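Each remark here refers to the structure printed beneath this line.
The values are calculated or read from the model by the stated rules, or taken from the named source; none is laboratory data. None of these values were measured; they are calculated from a predicted model. Quick reminder, even Gly has a Cβ in these numbers, built from the backbone with ideal geometry, and neighbours come from all protein chains shown. Calculation scope for accessible area: heavy atoms of the full protein, side chains included, ligands and nucleic acids excluded. Shrake-Rupley method; radii C 1.70, N 1.55, O 1.52, S 1.80 Å.
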Amino acid sequence: MAWNSPVDPEGTEKQATIAKCEHVFLAIFTCELVTKIIGYGFVMHKYSYLRDPWCILDFLVVSLAWLPIFIPSFGNFTGLRTLRALRPLRTLRFVPGMPVLISSIFAAIPPLGNVVGLASFLFLIFGIVGEELFEGTLHYWCDDPHAHHDDDHGRQLVARILKGGGGGDREEVTFCRHDDRLCTEPGEVCVYHDYMPIGRNSDFDSVLNAVMMIVQIITFDTWSDIMYDLMDAFSAYVWVYFLLVAMLGGFFVVQLFLAVVFEEFMKSKENNAAVEEEALAKEAAEHGEEMKQTDDYAKLTGEGEAEIKGGIPLLREIVESTTFQYGTMLMLVCNMVVMCMPYAGQPAEYGLLIETLTAYFTVLFVIEMALKFVAVGVKDFFAQGWNIFDTTLLLVSVADLLLTEFVKANEDANFNVMYFRVLRMVRVLRMLRIMKSWDGLFRIFMCLLGAAGQVANIFVLLFVFMTMFTLLGMQLFGGLTDSAGTRYHFDYYLPGMLTILSTFSGGWVDPYIVCTAVNESLARVFFISALVIGFFVIFNLFIAILLDSFGSDEEEAGGEGEEKKEEEPGAVEAAGQATEKTDLLTDQVFAVAAQSGGTPPTGGRKLRTFSLSVVEHPLWEAFIIFAIFLSSVCLVLDAPRLDPNSDLKHFLTLSNYAFTALFTVELILKFLAYDLLAEPNGYLLSSWNVMDLCIMLVSIVSLCEEYAKMSVLRLLRVLRPLRLLSRIEGMKVIFEFFARASGDILNVTGVVIFFQVSFAVLGMELFMDSFGSCTDPTIKPLVPGMSPAPIDAYPREAKQEPWTGWKNGRRRLKGGGGRKGPPKGIPTSWLNPPFGSFDDFPNAMLLLFIASTGDGWTDFMYTGMDVVGPGIAPQRNDFSPACLFFIMWLLVGTFTTINLFVGSVVDNFGKIKAELDGSALLTDEQKQWQAAMLDSAAKKPAPRQPRPPKSQLLRPVFDLVTGKAFDIFCTSIILTNIIIMALDYHRIEDDEAMYAFYSNALASFSYIYYVECFIKLLGLGLGNYFRDNWNRFDFFLVATSLLDQFAAVSLPIPPMFLRIVRVARIMRIMRLLKGFKGLSSLLTTLVLSVPALGNVGGLLALITFIYSVLGVQLFTFVKSGEVMNDHRNFDDFGHGYLVLLQCLTGDNWSGLMYDAMVGPERGCNPDLVPTDCGSSIAIPFFLSFILLGNFIMLNMIVSVVLDNFTALDSIKSNLVSASDVADFGEAWAEHVDPNPGTATEWEVAQLIVAVPPPMGVKDQMAVEEAYAMRIEPTAAQTYVVLQI
């Protein structure tokens, strides 16, 4: 099936061979089917053939394959036959460890249904809101009304083809918001167009389009483009909508997928472990005597003991000494440095030096191995796995050295250099010896090795699902897209696999846009299905495996930690008590001094008492926090673009002096109150105070005239807001958590650097000097004497067809074509692509780091696939094996090592939570609030049932509105109303029949809601009606509907207000939450997570604030590029903050970084004052922000969601929980008459049957059965017992 390409011509030998193979396999599968039917039976009994889902699948596939053969006119069901790709899933259960993964996936389906329900709930709300607000807005832009394009369909097709390459050309237009005054070009007015501008393929013109856009936002795939377009076309505050969707969907709902998958994986693993333990116990019981005899024999013969046999004792002491080990580590580090030294275009002498050093190190390692071999003897040497590993690497290095010398001696012979590169790549593994000497790093590496089996299984599972979707894509979209204009197509198996891999990794928008040109509906179903299975399930299952490996490692290491704690019981406790006593004594002394009314012994004592009373006063602390906030606002206003002669600049200068003086006074008061180093409360003994002191010293020094112009000191002023950390308890808790987890995070960073260095060296061996091309595309090889330009020297005009260029924040790889000569005005030179290359070690490391974040990794892969050789321009190649390097980096670098940050943060979260006996990210007040919320939920009284009206005329109305049938009817009406609202689309009024149906249906629903409200008011009465919160909510929605339907006709209400009123109607869907307990538990998870998420969000907002102010100071004058433009820039604080939020989601942050590094070779002018050139400081700026924000802070959100979800899920279903008590209370209020205060026997029977287990027998028996099983009470009993 993979060999059969949709674009292969018919009648070829290949097609004939494939047809024969199809018949052979069909015969084999038919024999299998018949054999199983004979063996199992067809359908009659429980274990028959058609009772197995896999057999049903086989039966359908084989039957549909035979139908075209027997009935040619019936059609070809090749699309359904692709379901044969599911067959390998049947064999997965025989792979060791695979049943745990498969069972966890199937077990996760029901709870994932709740998450999908919540996501659908979110999509519907925001989709209808987005469609109501933004429909049609992107169709209005400034244009010459007399210069329209007639071929609108052709423009759209061209736009999709260009977009399919990974971004495409975007037509620069001015959106005008129905206002001609926004059009500044002569002859242009605000014109409505039936088509979208070229390059814009996402819109809110229908609810379905809006839902797809929301999926794009929560997966963070090129989501910011349409946000900036809508900010131009609709309102500057559109970012509020997009950030709400990103936070609720991308930061919370998406993490719920991980929480569910992780929970079910742990349950499946526990069940599997229990089964295996039982099997081992039986085996041990059967063979226990034999095992005991074996152990006794080992004790008698001494086998298994570590005895030293052979070797030279003196030499053994030398090789096992610390000095020798340090010397070996030094050699390994130096050898690694030498491996990183090569670069493209290096002189011959430099290359000879590297080869000589490599040979010397190889000889040194041979000597080291020989010494160990002689010192410990043969048996002891090969008894250690590391020695075998070292020997293998050394033999490969020696073979590489000898072959290199042989090639030099035979220069005339034609040898394939690639084989030598492969041998040299093996030397990178020597870095593992360095890792072994770092305990924390080695522990994490062993965690990875421990999870290697399950990781291999997940890769097998990934490959199977990728193959399945690739074959399906070949059937649906193969041969129907313009594969010459895009790298995302299904014409062949390998390009299709790469397209699906991109989708599974979250980059689904570009291939989706390509396939919508074929069939938009099929493309939606296909890519959403692939995204759910690959991105939301398999990817999260992979993270669950890493989290489990961390937890298992901590359990193994926990014994040692507990022993250490037992050695010194109460040491920490005693220290804490001593500190408390000292603090209490100090407070008592100060209190006596303050209350005595007399004269203290010395003037210094009095001053100290006064200072302490000031700095400890709550109002003083609040005043300082307010002052820090105001000083932070002044930092925002004091931008480089501010006129130095303006009044605002003068005010900001004076305020800087004032705030510095105020904070200096605070500093002096604390010096006086606490002393400097006096224990236990000395000022300098607190790390928070030391941080405050350093920040204040920078502020004071920056006021001096001789230092005021130093840019470094001005930049360090942005650290002022950090003083809020010690004063806002929520941020302080998060920062302390980060400080406690910093050790493990550093270890994880070490592992990431190890793998990244290894792949960087491999990439240099494979792709050095191979990414570049000439500005004249007719020149393929590098001409001798043509000096390569700098790596980032890629002028905008030099973008040619066969190469990669920046296009509106996305990279584009076109399929073919090219110019006949160099672009006009551009000198002929050899240039690397703007995103970097493997020409030297720093650029290789940077490129791999960008790829590890998932930002444009496919572009790097396709560029590597196009490589021809060193000094030769790349040519498109869709079938290059070079893709394996980048796929390996995706699996190892992105999916494995980067997700170690998730494991580290989650693991430390659990440890610190256990130490603190609560949550690691909550303050004491927040812990009390959370406990109070849980307690109030557990003790929440049953809803008060409304009393029936006294009037007999209203009693039937009361029975109607309180009955379940009425509630079901209202629920169905709401669902139908939501479906009808989702049918709206842009310019629906052009279809008169559809518009009439839509309008009449909405009006009918409004009248139904009016009637419902009237009936409830009539049956329940005003008091009972407005006592219920849901009724008050309904009344508000009915009032808004009345306003929209009637008041808008007679009152001058702005259209935008009417839009908002209509949007409020969608909130009626919230009434459905009452009937879905699964969704309620997920929302409870959100509520319980609010305090911790608020703390994390507060610190993240502070970090983003600091980086935004710093970015304005650094990059405000940088020349606009392809990514950094009128929207994405650091011209002011607002734009900078929004840009950093975009970087936080990983959406093309590397493009912003490269534009911030623009140099003279890319068009900037270094002679301008101030200059519009960037600088290399953009690299540490963006990299540090990604590390802090993306890898650490966002992973804290994962920890919070996992913790709260696990806490809710840990409630045993067979034990009574708070929700069970609430259900019992609701049933009691419904079935028991509250007036007498007691229940009859029949009411008790009704009550028990209405309550689900464990407090009732709902769905297990009828009321009559429960009533018949009652035990009659005696005269002394006042209760009824049911014998159930």
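A few remarks follow.
- Remark on residue 206: its backbone amide H falls under 5 Å from those of 986, a criterion applied only to residues 5 or more positions apart or on other chains, H modelled at 1.01 Å from N.
- Whole-angstrom gap from region 222-256 to region 336-377, using each part's C-alpha centre: 53 Å
- For region 987-1026, the solvent-accessible area works out to 55 Å² per residue, with a probe of 1.4 Å and every protein chain left in place.
- 3J(HN,Hα) along region 983-991: 7, 5, 8, 5, 6, 5, 5, 5, 9 Hz, from the Karplus curve 6.51 cos²θ - 1.76 cosθ + 1.60 with θ = phi - 60°, whole Hz, x for Gly and Pro.
- A 1.4 Å probe over all protein chains sorts 535, 463 by accessible area into 463, 535, starting with the largest.
- DSSP-assigned coil residues among trypsin sites (Lys or Arg not before Pro) in region 430-494, each with at most 10 further Cβ atoms within 10 Å: none
- Estimated FRET transfer efficiency when R0 is 25 angstrom, pair residue 643-residue 1161 (beta carbons, to 0.05): 0.20
- Per residue value of the accessible surface for region 434-503 (all protein chains in place, 1.4 Å probe), Å²: 33 Å²
- Cross-link check: pairs 670/927; 267/927; 269/1258; 267/911 evaluated at a Cα-Cα cut-off of 23 Å; pairs beyond the cut-off: 670/927; 267/927; 269/1258.
- Rounded accessible area of residue 643 (nearest 10 Å², 1.4 Å probe): 80 Å²
- Distant-in-sequence amide H partners of residue 872 (H built 1.01 Å from N, under 5 Å): 782
- Accessible area of residue 26 in the full protein assembly, 1.4 Å probe (Å², nearest 10): 20 Å²
- Fully extending the segment from residue 1026 to residue 40, taken as 0.36 nm per residue of separation minus the present Cα-Cα distance, adds 348.7 nm.
- The loop-placed chymotrypsin sites (Phe, Trp or Tyr not before Pro) in region 848-893, going by DSSP, that have at most 16 neighbouring Cβ atoms within 10 Å of their Cβ come out as 879.
- Rounded to the nearest 20 debye, dipole of region 1086-1197 from Cβ charges on Lys, Arg, Asp, Glu: 340 debye
- Sequence of 266, 44 when ordered by accessible area, the most exposed leading, probe 1.4 angstrom: 44, 266
- Per-residue SASA remark: residue 112, around 20 Å² accessible (1.4 Å probe; ligands, DNA and RNA not included).
- Taking amide H positions as modeled 1.01 Å from N, with prolines and chain starts lacking one, the residues under 5 Å from residue 41 and 5 or more places away or on another chain are 49.
- When the alpha carbon gyration tensor of region 427-481 is reduced to an equivalent ellipsoid, the three semi-axes, largest first, read 40, 14, 7 Å.
- Accessible surface ranking that places the most exposed of 66, 3, 830 first, with a 1.4 angstrom probe: 3, 66, 830
- With the simple spin-label model, which puts each label point 7 Å out from Cα in the Cβ direction, the residue 277 to residue 120 separation comes to 3.9 nm.
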